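Worksheet: one structure, shown below.
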Amino acid sequence: MFKDIRATIEIDLKKNKEELWNNLDKDARWGVNKARKSGLRVQISDEGRAWEEFYHIYKETIIRGGIVPKEKEELKSETNKLFLCFCEDKIIAGAAIKIHKDKIELFLNASKKEFLNFQPNNLLYWEIIEWGKQNNYSVFDLGGYQLNTERGDKLYEVNRFKERWGGEIRKYEVSSKNPFYILGRKVIRKFHFVKKIRDKIKLVKYKTNEKYISRVKEEGFFKGVIKGFRKFFRKFIFQRTKIIIFGSDLSKDVIRISPKIEVELKKCGEKEFNNMVFEKYLTSQLIKNRIKKGDECFIYLKDSKIIHYSWLAFKEIDISEVGKNFNLNNDEACIFDCWTLKNFRGNKLYSSMLTEIKNYLKERGYKRVYIYADQNNKDSVKGIERAVFYKEKTIKYFNFLGKKNKKVYD
């Protein structure tokens, strides 16, 4: 028999809850508290639909890490239990554990990248620790620990995260009759770039095959071909977009529109964003960049949760959809990137916020405010016009065989 070693981190669940909590380092405790303040919650679910949704998150996460994901059938079994982290009613992260006789072992852990700022993984780890303690398991195995990692390596960061939880590193012997298997383990541990190359090759093969499989199974071959052709046509042959720029004169009285529900209006700075949940693409880095540039954000709160936000710019109208911008005068501003939580749409929050921002600008001596929308977004156009904005310019954007043409009409 040929031998090698493997390592993992194990948490002793026989300790009392207070001792387990105190054994966490300050970053782990901070992460758990941050997740709870952000309104995240964890629950256990064995439903097929929950596993299905978690699998999509897992697949995105594992591919982002450069590794080929396991097949869906490998995840769910009678000895696996699924913990899901929710933001409101949306699954944003999950962890699957294997249940052994006297211990539980972390099998999979995945989360949506855009919600990492709210520390869902910290909350998941702690909830699993609590659950294991309550159900009289003696050990929580964190599912592996990579030996000989170096700073800058992804596995080094994974190790650092696992070290936060107050466990001990345990080494086990691995044996096999296959000398190449054992040799491969030793080589990968010594030369990490070998594993990266191997994973890269596997992932390229998987991605190529995955596109074909998903097109055939989920859409049907011909539907997949048609969809692919349309996407290719719009990107490389012909694309047409029509953006309308609306303006409003602030020298006139601002007619306020009240929302249909009771909400709290607030101007939100960078500090206030830390404990709040936003539209998926609104990352912490994007928020920092906008605020650093001088942009401002206004929000509506309902039960301490954001249900609408609108941004305000002062230097230029930057219409990224068509690659066009217009400079603003010192007494002008532009409203952009407005969003309302799906369950609260239809309550005039959008129109109401626009009138609140108009009044805010009027009180500070601004003369004019702009906003823009895609002509095909009928709801957005309707909300803008309700808030007393008028069409001022139309941008017609054409992309034909790579030749881009933007025409602006007054």
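The values are calculated or read from the model by the stated rules, or taken from the named source; none is laboratory data. Small disclaimer: the values here were computed from a predicted structure and weren't measured. Every residue, glycine as well, gets a Cβ built from its backbone with ideal geometry; the counts of neighbours run over all protein chains shown.
On inspection, Asn359 qualifies as touching a residue at least 40 places away in the same chain (Cβ under 8 Å), under 21 Å from Ile307 (Cα atoms) and either out of contact with any strand residue (DSSP E or B) (no Cβ under 8 Å at 6 or more places or on another chain) or part of a strand (DSSP E or B) (or both). Taken across the range 12-25, residues that are in contact (Cβ under 8 Å) with a residue 40 or more places away in the chain, under 27 Å from Leu147 (Cβ atoms) and exposed (fewer than 14 other Cβ atoms within 10 Å of the Cβ) do occur, with at least one present.
Scanning for something assigned by TED's automatic domain parsing to the domain that holds Glu356, in contact (Cβ under 8 Å) with a residue 60 or more places away in the chain and either touching a helix residue (DSSP H, G or I) at 6+ places or on another chain (Cβ under 6 Å) or hydroxyl-bearing (Ser, Thr, Tyr) (or both), does the range 299-310 turn up at least one residue? Within the range 299-310, one or more residues are assigned by TED's automatic domain parsing to the domain that holds Glu356, in contact (Cβ under 8 Å) with a residue 60 or more places away in the chain and either touching a helix residue (DSSP H, G or I) at 6+ places or on another chain (Cβ under 6 Å) or hydroxyl-bearing (Ser, Thr, Tyr) (or both).
Could you tell me whether any residue of the range 338-349 is assigned to a strand (DSSP E or B), surrounded by 15 or more Cβ atoms within 10 Å (Cβ to Cβ) and touching a Gly at 6+ places or on another chain (Cβ under 7 Å)? Within the range 338-349 (the criterion being assigned to a strand (DSSP E or B), surrounded by 15 or more Cβ atoms within 10 Å (Cβ to Cβ) and touching a Gly at 6+ places or on another chain (Cβ under 7 Å)), the answer is no, since none of the residues qualifies. Across the range 98-146, the qualifying residues are those that are at positive phi and out of contact with any helix residue (DSSP H, G or I) (no Cβ under 7 Å at 6 or more places or on another chain), and the one among them that is surrounded by the most Cβ atoms within 10 Å (Cβ to Cβ) is Gly143.
Of these, Asn117, Asn122, Asn136, Asn109, which one is in contact with a Gly (Cβ under 7 Å, 6 or more places away or on another chain) and of a type in the set (S, T, N, Q)? Every option except Asn122 fails the conditions. Where strands (runs of 3 or more DSSP E) sit wholly within the range 84-186, none has at least 3 residues that are closer than 21 Å to Lys26 by Cβ and at pLDDT 90 or above.
Scanning the range 16-32 for residues that are out of contact with any Gly (no Cβ under 7 Å at 6 or more places or on another chain) and among the polar types (S, T, N, Q) yields Asn16, Asn22.
Of the residues Ala35, Ala95, Ala28, only one is within 21 Å of Gly167 (Cβ to Cβ) and either surrounded by fewer than 19 Cβ atoms within 10 Å (Cβ to Cβ) or free of Cβ contacts under 8 Å to residues at least 60 places away in the same chain (or both); which? Step by step, each of Ala35, Ala95, Ala28 is checked, and only Ala95 is within 21 Å of Gly167 (Cβ to Cβ) and either surrounded by fewer than 19 Cβ atoms within 10 Å (Cβ to Cβ) or free of Cβ contacts under 8 Å to residues at least 60 places away in the same chain (or both). Give me the pairs: first residue in the range 50-64 and in the same structural domain as Asn109 (by TED's automatic domain parsing), second residue crowded, with 19+ Cβ neighbours inside 10 Å and small (Gly, Ala, Ser), beta-carbon distance under 6 Å, and six or more apart or on different chains, which are they? Hits for this filter: Phe54/Gly94; Ile57/Ala110; Tyr58/Ala110; Thr61/Ala110.
For the range 39-48, the condition holds for no residue, the condition being that it is modelled with pLDDT of 80 or more, part of a helix (DSSP H, G or I) and either buried (at least 16 other Cβ atoms within 10 Å of the Cβ) or charged (D, E, K, R) (or both). For the range 244-287, name all the residues that are modelled with pLDDT of 90 or more, under 30 Å from Gly31 (Cα atoms) and in a loop (DSSP other than H, G, I, E, B). Residue satisfying the conditions is Val263 alone. Scanning the range 288-309 turns up no residue that is in a loop (DSSP other than H, G, I, E, B), at pLDDT below 90 and surrounded by 13 or more Cβ atoms within 10 Å (Cβ to Cβ). Number of residues in the range 66-101 that are under 17 Å from Tyr125 (Cβ atoms) and either outside the structural domain of Ser45 (by TED's automatic domain parsing) or of a type in the set (Asp, Glu) (or both) equals 0. Would you be able to say whether some residue in the range 2-16 is outside any helix (DSSP H, G or I) and among the aromatic types (Phe, Trp, Tyr)? Scanning the range 2-16, I find at least one residue that is outside any helix (DSSP H, G or I) and among the aromatic types (Phe, Trp, Tyr), so the answer is yes. For the range 378-394, what are the residues that are within 15 Å of Lys252 (Cβ to Cβ) and not in a strand (DSSP E or B)? If the condition is that a residue be within 15 Å of Lys252 (Cβ to Cβ) and not in a strand (DSSP E or B), then Ala387, Val388, Phe389 are the ones that fit.
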